[in-house]
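Notes follow the structure.
The values are calculated or read from the model by the stated rules, or taken from the named source; none is laboratory data. Just so it is clear, the model here is predicted, and its values are computed rather than measured. As a convention, Cβ positions derive from the backbone with ideal geometry for all residues, glycine included, and neighbour counts pool all protein chains shown. Ligands, DNA and RNA are excluded from the accessible area calculation, which covers all protein heavy atoms including side chains. Shrake-Rupley method; radii C 1.70, N 1.55, O 1.52, S 1.80 Å.
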Amino acid sequence: MLKSMEKKIYAEGLEKEFSNNLERDVYNFASMFHWGVLGIEKTYEDLRRGVEKVIESGFKIQAFNTEMTLAKVAKQMLGGKQRIHIPISYPLGNMTIKKKLIDLEYAARIGSDESCIVLNHSYIFSKKYREIEKEVQLLNDEFGNIMDLAFVLNSSILSDNEIIDSCMAIGNGGGVRIKLNCGYGWGVSPEEVRLVKRIFGSQFDVHPSGNIRTLEQVEEYLKLGVIVLHSLSAFDIIDQYINKRISEKANEEIGATQ
Amino acid sequence: MSSTKIAYQEIMSIIDYACVSFKTNETDIELAALVAEKYGVKTILVNPIYVSLLKKFCREKDIDISVASTVAYPIGAYPPEIKRKEIDELIRKGADEIYMLMAVGLFLDRNYLQIEEEMNVMVDASKGRTTKYIIEAGLLDESQKERICNMAFKAGIDYIVTSANFARNKIQEPSLSDIEALLRKTTGKMGLVHFCDIRSKEQVEELKKIGVSRICTESVLKILANLA
């Protein structure tokens, strides 16, 4: 049981059964999140602090995201206890397919468990969806059995039709995971997730990313059937979840005694 | 030659025309080539996916410009072996100049061996083509600027580039004093390219006056409108 959670539960005088259930639920909640150390200027010290944060939390998150230059060290620091995720062709997607293959080959070699690849958005803007399909198919054929691959659409800059047509191309290429937005100031909205879910149902595992900062936002995505999210505010959101659950239980008990 | 034409040529002759926005499409690239030819721009910078297209278009239209392309852009956090493979591919596609972004985090970590390695890789893999090494000058103090310039000069790099000019990296833009500091360290050894948004021809003239060798910018049409 996390010390912080334990303290709060003790302070509220809540029963043991609740605390056991909460612990289980919090670990499950935390396991949905991607979190990590990303950015052009990130150093080993930034990585060390990030890894320390994850280890101290006690959670097993969905995956620890980091840059290619830091990934090998991140894997060692985490002792294999967290999955490693390397983003590819970020954030513009305008790298050649050969470059994306080179990056994925390196990522696989250093033991990355998963990756997300930004698709070539100039193809989307030029409506060359067959090229998107070919890109997805090639990447999937080469590395889909080695790593979990998610294909990234910067949906906040695409029209609804572009989102739908791109998703169709991803599906035709064999892709099953779609990450909506790559961050870098491009943040997802529930409307984008709702659109994909409405048109494609459960065909895709949709991963929202960018600008996700509150528990309310996460709950909205959970209602849409999302089970994986990317958020640099993951630990704050987990805290919000713990506080909410404890406060709801405490209020329930006060209500019962009155 | 009219004075207006001289003005265009004087300004445009030091411009590297950057066409690296994520929204850039094939038509934009072709238009850039036509603009470059008409107004005396000598270099166009494109993302790797457009190198072949631009080379082919220039051949067909008999346009004599240098095609530059980006390596590890705009994140830079790739190991030297991957940067080498990127450069190899760009050379095969016909790139004439290489803009490569430094692994900024590694430099800030004082991992100078790996920075030296990537610089040597850049020069070696470029096989004599013009090399332009992008740093993020806004992040570096005086001694770091000195060190990176010395390392680049030792490796044989042709130009230092002040920034990746990618706003979404949320990196501090190089100031005028950053540029002047770099000029002190590069003059006589290497060229200096300032990668920035240009808002007026006066800005170009000022940069030229202080000694910047080249300006890399997407704002070519804005400059031309200003000159008109």
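What the table shows:
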| quantity | calculated |
| --- | --- |
| One residue from A:ASN154, A:ASN140 being open to solvent by less than 60 Å² (accessible area, probe 1.4 Å), closer than 21 Å to A:VAL206 by Cβ and either within 12 Å of another protein chain (Cβ to nearest Cβ) or among the hydroxyl-bearing types (Ser, Thr, Tyr) (or both) | A:ASN154 |
| Matching entry among B:GLU97, B:GLU60, B:GLU37 (being within 16 Å of the chain's Cα centre (by Cα), more than 13 Å from chain A (Cβ to nearest Cβ) and of a type outside the set (Phe, Trp, Tyr)) | B:GLU97 |
| All positions within region A:157-184 that are in a strand (DSSP E or B), modelled with pLDDT of 95 or more and buried (at least 24 other Cβ atoms within 10 Å of the Cβ) | A:ILE178, A:LYS179, A:LEU180 |
| Long-range neighbours under 8 Å by Cβ, at least six apart or interchain, first residue polar (S, T, N, Q) within region A:11-30, second surrounded by fewer than 17 Cβ atoms within 10 Å (Cβ to Cβ) and in a loop (DSSP other than H, G, I, E, B) | A:SER19/A:MET1 |
| Pairs where the first residue, in region B:56-75, is open to solvent by 20 Å² or more (accessible area, probe 1.4 Å) and the second is at pLDDT 95 or above and of a type in the set (Ser, Thr, Tyr), C-beta under 6 Å, 6+ apart | B:SER66/B:THR43 |
| Index of the failed condition, B:SER21 passing every other in (1) open to solvent by 10 Å² or more (accessible area, probe 1.4 Å); (2) on the phi > 0 side of the Ramachandran plot; (3) touching a residue at least 12 places away in the same chain (Cβ under 8 Å) | (2) |
| Tally, over region A:212-258, of residues that are farther than 23 Å from A:LEU14 by Cα, part of a helix (DSSP H, G or I) and open to solvent by 50 Å² or more (accessible area, probe 1.4 Å) | 6 |
| Residue that is surrounded by the most Cβ atoms within 10 Å (Cβ to Cβ) [pool: residues in region A:50-91 that are within 29 Å of B:GLN172 (Cβ to Cβ) and more than 13 Å from chain B (Cβ to nearest Cβ)] | A:HIS85 |
| Residue identified as closer than 15 Å to B:GLY191 by Cβ and open to solvent by less than 20 Å² (accessible area, probe 1.4 Å) among B:GLU97, B:GLU118, B:GLU136 | B:GLU97 |
| Members of region B:183-203 found to be more than 21 Å from B:ALA68 (Cβ to Cβ) and open to solvent by less than 20 Å² (accessible area, probe 1.4 Å), listed by number | B:LEU183 |
| Any hit, region B:174-182, residues being open to solvent by less than 60 Å² (accessible area, probe 1.4 Å) and under 25 Å from A:MET68 (Cα atoms) | no |
| Residues that are under 26 Å from B:CYS19 (Cα atoms), at pLDDT 95 or above, of a type outside the set (Asp, Glu) and outside any loop (DSSP other than H, G, I, E, B), drawn from region B:150-185 | B:ALA152, B:TYR159, B:ILE160, B:VAL161, B:ILE179, B:LEU182, B:LEU183 |
| Total residues in region B:204-228, condition of a type in the set (S, T, N, Q), modelled with pLDDT of 90 or more and over 14 Å from B:VAL161 (Cα atoms) | 1 |
| Filter result (touching a residue at least 24 places away in the same chain (Cβ under 8 Å), outside any helix (DSSP H, G or I) and either within 14 Å of chain A (Cβ to nearest Cβ) or touching a His at 6+ places or on another chain (Cβ under 7 Å) (or both)) within region B:100-136 | B:MET100, B:LEU101, B:MET102, B:ALA103, B:ILE134, B:ILE135, B:GLU136 |
| Among (1) buried (at least 22 other Cβ atoms within 10 Å of the Cβ); (2) at pLDDT below 95, the one test that A:SER209 misses | (2) |
| Exclusive hit being at the interface with chain A (Cβ under 9 Å from one of its Cβ atoms) and touching a strand residue (DSSP E or B) at 6+ places or on another chain (Cβ under 6 Å), set B:TYR73, B:TYR78 | B:TYR73 |
